[in-house]
Amino acid sequence: MCGIIGYTGSGQAVDVLLRGLRRLEYRGYDSAGVAVVDPDSGYRMSVVKRAGTVDAVVPLARGLRGRVGIAHTRWATHGRVTDENAHPHVSCDGRVAIVHNGIIENHAELRRELEARGHRFRSETDSEVVAHMLEELLDGRRDPLEAALEVSRRLRGSYALLAAGPALGDALLAARKDSPLAIGLADGSAYASSDVYGFIEWTDEVYFMENGSVALISPRGVRAALLDGTPLDVRTSKVAFEMSTTEYGAYAHHTLREIMEQPEVVARALAPRDEIEAAARELASAGRVFAVGAGTSYHAALVARYMMAELNGIDVQPVLASEHALFSRWMGPGSLVMAISQSGETADVLEAVREAKSRGARVLAVVNVPHSTLERESDLSVNVRAGPEIGVAATKSFTAQLSTLLSISLRAAGLPWPDPERMRRLVLGAIASEEAARRTAQRLRDATDIYVVGRGTHYPLALEGALKIKELAYIHAEGLAAGELKHGTLAMIEEGTPVILINPTDDTYHDTLSNGEEMKARGALIVGVSDRPSDLYDLHLQLPEAGRLELPIVEAVPLQLLAYHLALARGAEIDRPRNLAKSVTVKRASRWPARERAEYLGPIPQVRVDPPLPEVMHGLYRVRVDPACSHPRVDGRERIAGASEERGPGPPYGIGQGSDR
């Protein structure tokens, strides 16, 4: 849910951190913050953070000096959206700052222990416990990697963690369990991020941290170990990351730019390649097939069910990733699980994949982000080639998923490759409906409810169209199967109720038209999405004429454009819808015991910090430390502006010159 990034090297950390945060903001934008450590000034640490987007932090952070730092952009899970709850979180003595993506399930228990030993907490978050736990262990005598191991073994839940501060000198500590974290290495510099995208402009040499591991990162190298203490061989991979533009270009929003990129995206996704052939062979030989996804990717799974029933005679079982436990009993040897995901990091999807593999099923990843956890953990993978998608609402990744699934299905049936150029022209034809979508949005902008109706393969598109309207325009919308209207939904239709009727010319056309007549008779305002005009339609979004299995790809485009223009007309935040994040990489703690729990090591011994710092910077406050306490405590706050000028102690154990520790 959150985005984290760290840097250590010869350059100014804040430049890297702010650029990285911009690229990671799709992961969360409730608040943001930066911590920078300056080895050239006695390892002084400055921290700035604010509720709001990265833009709120940039003016405060630009002047920070230092060659080491960490940063965070937050999607709130524990604690309100406030300055105090923004990351980084700082220890009592000001010598450690941390950023965290994930959920610490046992944070309340740990917090009580720490408070009993004199620690004072400044936030409501689950994450802050980590800063205080590290404070007790990073005493200058202990190997920082051992400290990270000891803390990580106490944590239950999911986490990607980075720590920096005077207690670590010019190094970063990293820990990963069930949340993504990658390390990038270049000459004299090292990076760490939730996503390769955060640092790809500086290096393509990447070490993907093992699940359940910790790492000590310095400009001189990386040391890593599993949670049981087993050392890991740190080997980097050279990643090929397709970098489509991340600028707005001629468009007002990333979302609109990504909609307009779709002609080229679908052509690229449909191009012949070996990985499609391998996936087709896997599909053709499978005994039982499941398609797992969440959100928009689940809608792609629903389309795959119709598509593969028709082309391959296969009964594909679509599975909502969050409900996979109901279906996993049937996943076993001879089964194929198609895991569909834009990011490849969705927590529920990864959990479903791990469960399926533990039961002997084969896993085929259909994923957009290369080198993601899903790609690495699957038996085989097909990249949908949509390129980076910045807008939170999935657009081009959805049509790329549909195109990829169509290619796999056709080749598994022994049929010729689809024509990429033909599909490119069809999607261009669908984009031509933009002006009609804009006019329609003006008519519907004040609606409180919108119903999107489709039949057959168009029903999943109705679900997807409704989701886009909810995500972007904040209007209640429902996707409905046309044949089910008489089973309750007609009771909701009254004079002026907007109904979007997905009704291209295929074998569903006449039945769906009749459903439209029934709603029109009850006062509905009918928006037809069709290649054929009709007097029934009050408004019409024109589709190009397309084949039956091409239609879902083509239909997605006018629905996306309508949702975009509705959001624009209503003044909504389009690229960053409220309360949402691009990639759902965390999940709430289950009421049921997990299969595996981290080893419980008992209370961490109390450590006196000697000497304590007289004061440290925390957000927009200067926090004074009482040296008379057996453990440093906060005894007052003075609101200030800008960054701190305080100095911390020199390099601790194992982080000196010539050491990679």
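Any residue that is at positive phi and in contact (Cβ under 8 Å) with a residue 12 or more places away in the chain - is there at least one of those in segment 441-452?
No: zero hits.
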Filtering segment 1-40 down to residues that are part of a loop (DSSP other than H, G, I, E, B) and under 23 Å from Gly391 (Cα atoms), which residue is modelled with the lowest pLDDT? Met1
Given the conditions (1) in a helix (DSSP H, G or I); (2) buried (at least 16 other Cβ atoms within 10 Å of the Cβ); (3) modelled with pLDDT of 95 or more, report the number of the one that Ser322 does not fulfil. (3)
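Output the residues belonging to segment 238-257 that are of a type outside the set (Gly, Ala, Ser) and either part of a loop (DSSP other than H, G, I, E, B) or modelled with pLDDT of 95 or more (or both).
Initially, segment 238-257 is screened for residues of a type outside the set (Gly, Ala, Ser), giving 238-239, 241-243, 245-248, 251, 253-257.
Passing the criteria: Val239, Phe241, Glu242, Met243, Thr245, Thr246, Glu247, Tyr248, Tyr251, His253.
Against the condition assigned by TED's automatic domain parsing to the domain that holds His119 and in contact with a Pro (Cβ under 8 Å, 6 or more places away or on another chain), how does Val54 come out, does it pass?
Working: assigned by TED's automatic domain parsing to the domain that holds His119: yes; in contact with a Pro (Cβ under 8 Å, 6 or more places away or on another chain): no.
No.
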Out of the residues in segment 483-514 meeting the condition of being more than 22 Å from Tyr306 (Cα to Cα) and aliphatic (A, V, I, L, M), tell me which one is surrounded by the most Cβ atoms within 10 Å (Cβ to Cβ). Val499
Could you check segment 333-419 for strands (runs of 3 or more DSSP E) lying wholly inside it with 3 or more residues that are β-branched (Val, Ile, Thr)? 362-367
So Leu426 ticks every box in (1) touching an Asp or Glu at 6+ places or on another chain (Cβ under 7 Å); (2) crowded, with 24+ Cβ neighbours inside 10 Å; (3) of a type in the set (A, V, I, L, M) but one. Which box is left unticked? (2)
Checked Ala462, Ala412, Ala361, Ala432 against criteria (small (Gly, Ala, Ser) and either farther than 30 Å from Ala325 by Cβ or modelled with pLDDT under 95 (or both)); the one match is Ala432
Any pair with Cβ under 8 angstrom, 6 or more apart, that starts in segment 145-158 at a residue that is under 16 Å from Leu226 (Cβ atoms) and ends at one that is of a type in the set (Lys, Arg): Leu145/Arg223; Leu145/Arg661; Ser152/Lys177; Leu155/Lys177
Just to be sure I understand, how many residues within segment 258-274 are surrounded by 14 or more Cβ atoms within 10 Å (Cβ to Cβ), in a helix (DSSP H, G or I) and not hydrophobic (A, V, I, L, M, F, W, C)? 5
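For the subset of segment 41-80 comprising residues that are assigned to a strand (DSSP E or B) and among the polar types (S, T, N, Q), which member is modelled with the highest pLDDT?
First, pick out the residues of segment 41-80 that are assigned to a strand (DSSP E or B): 44-51, 68-74.
Applying the additional criterion that residues be among the polar types (S, T, N, Q) yields 46, 73.
On the way: Ser46: 95, Thr73: 89.
Top of the filtered list is Ser46.
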Scanning segment 392-423 for residues that are closer than 26 Å to Glu573 by Cα and among the hydrophobic types (A, V, I, L, M, F, W, C), the one surrounded by the fewest Cβ atoms within 10 Å (Cβ to Cβ) turns out to be Val392
Any pair with Cβ under 7 angstrom, 6 or more apart, that starts in segment 534-547 at a residue that is more than 13 Å from Ser433 (Cβ to Cβ) and ends at one that is in a loop (DSSP other than H, G, I, E, B): Glu545/Asp531
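Condition check ((1) outside the structural domain of Ala76 (by TED's automatic domain parsing); (2) of a type in the set (A, V, I, L, M); (3) modelled with pLDDT of 95 or more; (4) assigned to a loop (DSSP other than H, G, I, E, B)) across all residues:
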site	(1), (2), (3), (4)
Val554	yes, yes, yes, no
Gln560	yes, no, yes, no
Ala563	yes, yes, yes, no
Pro577	yes, no, no, yes
Lys582	yes, no, no, yes
Val586	yes, yes, no, yes
Trp592	yes, no, no, yes
Of (1) under 15 Å from the mean Cα position of the chain (by Cα); (2) more than 18 Å from Glu261 (Cβ to Cβ); (3) surrounded by fewer than 24 Cβ atoms within 10 Å (Cβ to Cβ), Pro370 fails just (2)
From (1) surrounded by 20 or more Cβ atoms within 10 Å (Cβ to Cβ); (2) hydroxyl-bearing (Ser, Thr, Tyr); (3) more than 17 Å from the chain's Cα centre (by Cα), pick out the condition that doesn't hold for Ser358. (1)
Cβ pairs under 7 Å, 6+ apart, first in segment 308-326 and within 14 Å of Ala284 (Cα to Cα), second charged (D, E, K, R): Ala309/Asp315; Val316/Arg305
Checking the condition at pLDDT below 95 and β-branched (Val, Ile, Thr), which residue from Thr489, Thr440 passes? Thr489
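In segment 94-119, how many residues are in a strand (DSSP E or B) and within 11 Å of Ala131 (Cα to Cα)?
In the first step, residues of segment 94-119 are kept if they are in a strand (DSSP E or B); the result is 97-104.
If we keep only those that are within 11 Å of Ala131 (Cα to Cα) as well, we get 97-100.
Number of matching residues: 4.
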Please state which one of Leu155, Leu149, Leu181 is buried (at least 24 other Cβ atoms within 10 Å of the Cβ) and more than 19 Å from the chain's Cα centre (by Cα). Leu155
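The values are calculated or read from the model by the stated rules, or taken from the named source; none is laboratory data. Just so it is clear, the model here is predicted, and its values are computed rather than measured. Cβ: placed from backbone, ideal geometry, glycine included. Neighbour counts: every protein chain shown.
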